[in-house]
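Report on the following structure.
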Amino acid sequence: MSSLNDLRSLFLSYFGGNDHAVIPSAPLVPQSDPTLLFVNAGMVPFKNIFTGAEAPPAPRATSAQKCVRAGGKHNDLDNVGYTGRHQTFFEMLGSFSFGDYFKEGAIELAWQFLSRDLALSKDRLIVSIHPKDEDAAQLWKKIAGFSDDRIVRLEENFWSMGDTGPCGTNTEIFYDHGEAVWGGPPGSAEEDGDRFVEIWNLVFMQWEQLADGSRRDLPKPQIDTGMGLERTTAVLQGVHSNYDIDLFRTLIAASEAATGVAATGEAKFSHQIIVDHLRSTSFLIADGVGPSNEGRGYVLRRIMRRAMRHAHILGAKDPLMHRLVPTLVAEMGGAYPELCRAEATIVETLRQEEVRFRATLGRGMALLDEASAGLTAGAVLPGETAFKLYDTYGFPLDLTQDALRAKSITVDTAGFDVAMDRQRKMARESWAGSGQQVEGAVWLALRERLGPTSFRGYDELETVGTVLAIVEDGAEAERAEAGETVSLLVDRTPFYAESGGQAGDRGRIDWPGGVAEVLDVQKEAGELNAHLVKLTEGVLELGGGVHLKVDAARRARTRLNHSAAHLAHAALKHVLGPHVAQKGQLVDGDRMRFDFSHGAPLTPAEIDAIETEVNAVIRQNLPALTEEMAPQEAIEAGAIALFGEKYGDSVRVLTLGRDLSGDGAYSVELCGGTHVARTGDIALFKIVSEQGIAAGVRRIEALTGELARRWLLDQAAVAKQLADQFKVPVAEVPARVDALLAQARKGERDLAEARKQLALGGSGGGSASSVEEVAGVRFDGKVVEGVSAKDMRPLVDEARRRIGQSGVVAYAAVNEGKASIAVALTPDLVGRFDAAALARTAVAAMGGQGAGGKPDFAQGGAPDGARAADGVAAVKAALAA
């Protein structure tokens, strides 16, 4: 019985032994396709090769590609855990020919692997082909000895990359589990059963689909095959569900042990969902995706919360997901070392998110209770409310329905579907690509024609070169004139292109009779330094010679900030823990900005410890060491690599400083940026701000060198000025400020109390004249002056206390030209009236929009203070009605 890991290795070694270049899995975030959320098929990393935009790495290739399908067109999320074949994360074993072999070679290689290496019986296999692909039928008969009854002809066996582009017929290979399992062959009425399972798809790309509907032959036909690793492992291990293979059995056993609940009955589905989602979320985090409220991060959060809800269903008292990560790493870390490198970050991200979700779960249930409080048996909860619970709190529709079933309340599922369709439409529009494909095609074509540009900026700041291309509005041009802004490719350049968080250089380019200002430099098609320039004088023509000069002072400041970012990264890990991972950075000539994973604001003591470490390494004044080596060699030597980054065959490894507690290096990272010659060049490092920018992600900004010194001098000048004004030593300024703040707060409290007593009619017994009876209800309504919205709650609470056992209070305030209103009900009237509904009525009468609160208290505001009385009158009228 082959394990999943054994099958992966066997597949890659088989095709590697048949002259296929073994290509490592690409990150799950697509590197060159902005239309996709995630890599969802094995061929995605080779898409530009199949379209002809990129040259292939070899005539033949093979890979085990990580894939995620949980959003967009390829969305299996709702089925995951409940069927044996669906996963959000899966591995696609692929073999590819880029114009080398075609149908016969693909079928022969597949048949040898299945029959010889996997020893699958021919009697257990059938294939499907396109009805017009007689070549494929004859090849299956010739190579595998299949008879006609084992070859199914289906119109659907045709594959295309899109509305236009490469396309062709395909043949799919199915395994027959036998008569004991219900189901029929592909194309039959019972094809949805589990008896016949597709394990391999061989695509024969031989035409290009044109926009007018016609097709033309590709210059060289190509092969793209994909074998599902989990499905084929299930076949080899004699099980019908992917969740019964060795990998999932191990993960489910860990989930059972952590929850104390056996994977039987309904709990079986919860365990299956948890372990599948554990894989997808862990791999996404390892590839640099973090939970957020939009884009890829939103999908990640949805997957996380679906798993965490099932942990809650199983009765897990504490966060569960992060406790399963070590088991996953032990099972899959050998094939995917990025899991090992990111383990601490994955654990902490999952832990933090589950802590948040458990709190959110409580708030969501409270919101559901509030939304359904006024509903009786037989009522219907609005679909928009159910969708808000789903979208904001991660409540699937079925959870909302289950929670309301005990009250005999149903949900407007049609309204929920309308809101869901609206969200899906917005998601599709946000991932439409925004024209990036057209722009990218130009650069890919230039790279194929011209090759990479030569970057000389590590050693020189000015050079001469030849203009290779001028790009304007996404198209090549022959010339550019003064006043135009274009992008230039030059055969050699000292200008650094933005990458690795380092901003592109600025400077100037000149030539006889002309000058251009370099505004930015971007890395295009992976290997082209494209200079965004504005011509200020003259005409620049293709092929012309130019002189390029980098702004040396700005580059020097950028080097300081970039090297300081490496030291800060190491210090953050030392001070906060190994879970810290870089989530983004920007270094330029002005400052260093560094984003990292961490679940809480940095304390003053932590900031001080980070600054102390970095400045200690700076004072070592040791040379910066840069080496060229293979990425895996560098990582095995201890270099930090960015999660999700795709590196070339050779990388630059930067070593800075000596470890403060030992003999090793302080910071070792893969980085192609520009850096200082010695750590002492940085001179000084000072963190000037720290903030949260997303759930579990913090950001620090820092200054170095002269800018840091000037900042400290400015801070000292402010302290000196305050000391002079207070006539105290600088060291006593904080205490003096605290005393003044305490005095000011006391004054604010006294003033608020005075305003409250004035609004209530003085200190004795209340304002009886403002209380009247409306339709049998005691009502206290008035307009008060100079009371802020935040002070309305205690004012109205006191009025409600004074009104007695039964009554309604509605006070409107005018403050700084604006109006606000607060409505409160005594407990006996809740249910008969709703404070939130009364407040909304009042706000509408005042010309405002919306109000918030609970059935016994609510408030809102409006822009025109002159209409405050209208709000009180509207509440009174509502009571009378």
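The values are calculated or read from the model by the stated rules, or taken from the named source; none is laboratory data. Not measured: the values here are computed from a predicted model. Cβ placement follows ideal geometry from the backbone for every residue including glycine, while neighbour counts extend to all protein chains displayed. Just the protein is used for accessible areas: all its heavy atoms, side chains included, with ligands, DNA and RNA removed. Shrake-Rupley method; radii C 1.70, N 1.55, O 1.52, S 1.80 Å.
Note on Val737 and Asp194: the model spin-label points, each 7 Å out from Cα along the C-beta direction, lie 6.7 nm apart. Between the range 823-854 and the range 145-163, the alpha-carbon centres lie 65 Å apart. Among beta bridges identified by DSSP and lying wholly in the chain, the antiparallel ones come to about 85 percent.
Run through the range 227-310 and list the GluC sites (Glu not before Pro) located in a DSSP loop whose Cβ has at most 15 other Cβ atoms within 10 Å.
Listed in order of number, the matching sites are Glu294.
Farthest toward the positive end of the dipole of the chain, out of Thr232, Val809, Ser25, is the Cα of Val809, where the dipole comes from beta carbon charges about the Cα centre.
Measuring max minus min along each principal axis, the C-alpha atoms of the range 791-881 give extents of 34, 26, 20 Å (largest first). As I understand it, the dipole of the chain uses +1 on the Cβ of Lys and Arg and -1 on the Cβ of Asp and Glu, about the Cα centre. Which of Phe596, Leu4, Ser770 lies farthest toward its positive end? Farthest along the dipole direction, towards plus: Ser770. When Rg and the Kirkwood radius Rh are both evaluated on Cα atoms of the chain, their ratio Rg/Rh stands at 1.03.
Note down the relative contact order for the range 474-524 as a percent, whole number, built from C-alpha pairs under 8 angstrom at least six residues apart.
Values: 46 pairs, mean separation 13.7, N = 51.
With pairs under 8 Å counted, the relative contact order is 27 percent.
Under the convention that each Lys and Arg Cβ holds +1 and each Asp and Glu Cβ holds -1, the size of the dipole of the chain around its Cα centre is about 2860 debye.
Count the net charge of all other residues whose Cβ sits under 14 Å from the Cβ of Ala739, scoring Lys and Arg as +1 and Asp and Glu as -1. Residues near Ala739 contribute +2 overall. When Rg and the Kirkwood Rh are both derived from Cα coordinates, the Rg/Rh ratio for the range 529-637 amounts to 1.11. Sorting the segments 735-748, 675-688 by their residues' average number of neighbouring beta-carbon atoms within 10 angstrom, most packed first, yields 675-688, 735-748.
Stretching Val22 away from Ala253 to a fully extended chain increases their span by 79.9 nm, per 0.36 nm per residue minus the current alpha-carbon distance. Near Arg153: Cβ cut-off under 11 Å, other residues only, Lys/Arg at +1 and Asp/Glu at -1. The net charge is -4. For the chain, the residue among Ala858, His574, Ala258 whose Cα projects farthest onto the positive side of the dipole built from Cβ charges is Ala858.
Length available on full extension from Asp417 to Lys122: 0.36 nm per residue minus the Cα-Cα distance, which gives 101.6 nm.
Among the chymotrypsin sites (Phe, Trp or Tyr not before Pro) in the range 174-213, those located in a DSSP loop and surrounded by at most 12 other Cβ atoms within 10 Å of their own Cβ are Trp182. If you take the Cα centroid of the range 114-134 and the Cα centroid of the range 175-205, the two points sit 12 Å apart. Taking 20 Å as the straight-line reach from the Cα of Lys854, the aspartates and glutamates in range (excluding those fewer than 8 positions away in the same chain) are Asp369, Glu370, Glu384, Asp780, Asp791, Asp797, Glu798, Asp828, Asp834.
Annotation: peptides 9-19, 600-610, ranked by per-residue average of other Cβ atoms within 10 Å with the highest first, follow the order 9-19, 600-610.
Tell me, Kirkwood radius of the range 184-224 from alpha-carbon pair distances, in Å? If you can, show how the numbers build up before the last one.
On the way: mean 1/r = 0.0767 Å⁻¹.
About 13.0 Å for the range 184-224.
Evaluate the relative contact order of the chain (contact order divided by residue number), counting alpha-carbon pairs under 8 angstrom at least 6 apart; express in whole percent.
7
Pairwise Cα distances in the range 222-335 exceed 18 Å in 54 percent of cases. Ellipticity at 222 nm from helices only: DSSP H runs of n ≥ 4 in the chain, each -39500 (n - 2.57), divided by the residue count, give -12500 deg cm²/dmol.
Rounded to whole Å, give me the distance from the Cα center of the range 663-739 to that of the range 320-390. If you average the Cα positions of each part, the centres end up 37 Å apart.
Mind giving me the FRET efficiency for Ser160 and Leu713? R0 is 60 Å, r the Cβ-Cβ distance, nearest 0.05 is fine.
Efficiency computed from Cβ-Cβ geometry: 0.40.
Straight-distance candidates among the lysines for linking to Lys317, with alpha-carbon spacing under 24 Å and chain neighbours fewer than 8 residues away dropped: Lys268. Under the criterion of Cα pairs below 8 Å and six or more residues apart, the relative contact order for the range 522-646 equals 18 percent. In loop segments of the range 247-348 as defined by DSSP, there are no chymotrypsin sites (Phe, Trp or Tyr not before Pro) with at most 10 further C-beta atoms inside 10 Å of their C-beta. The calculated FRET efficiency for Tyr458 paired with Lys141, based on their beta-carbon distance and R0 = 51 Å, is about 0.25.
Rolling a 1.4 Å probe over the protein heavy atoms of the chain, with every protein chain left in place, gives an accessible area that is 50 percent carbon and sulfur.
Go through Lys47/Lys583; Lys47/Lys220; Lys103/Lys142; Lys47/Lys523; Lys746/Lys818; Lys818/Lys876 and tell me which ones have a Cα-Cα distance over 18 Å in this structure. Going by Cα-Cα distance, Lys47/Lys583; Lys47/Lys523; Lys746/Lys818; Lys818/Lys876 fall outside the 18 Å limit.
This model, with +1 at the C-beta of Lys and Arg and -1 at the C-beta of Asp and Glu, gives the range 1-160 a dipole about its Cα centre of some 200 debye. Other residues whose C-beta falls under 15 angstrom from the C-beta of Ala377 contribute a net charge of +2, scoring Lys and Arg +1 and Asp and Glu -1. Under a model in which nothing but the beta-carbon of Lys, Arg (+1) and Asp, Glu (-1) is charged, the range 83-165 shows a dipole of about 320 debye around its Cα centre. Expressed per residue, the C-alpha convex hull volume of the range 609-749 stands at 175 Å³.
Between Thr35 and Gln691, the FRET efficiency estimated from the beta carbon spacing at R0 = 41 angstrom works out to 0.80.
Segment Thr410..Leu751, full-extension length gain: 117.7 nm, with 0.36 nm per residue of separation and the alpha-carbon distance subtracted. Sorting the segments 693-706, 464-477 by their residues' average number of neighbouring beta-carbon atoms within 10 angstrom, most packed first, yields 693-706, 464-477. Backbone phi angles across the range 367-374, fed through the Karplus curve with coefficients 6.51, -1.76 and 1.60 (θ = phi - 60°), yield HN-Hα couplings of 5, 5, 4, 5, 5, 9, 4, x Hz in residue order; Gly and Pro are listed as x.
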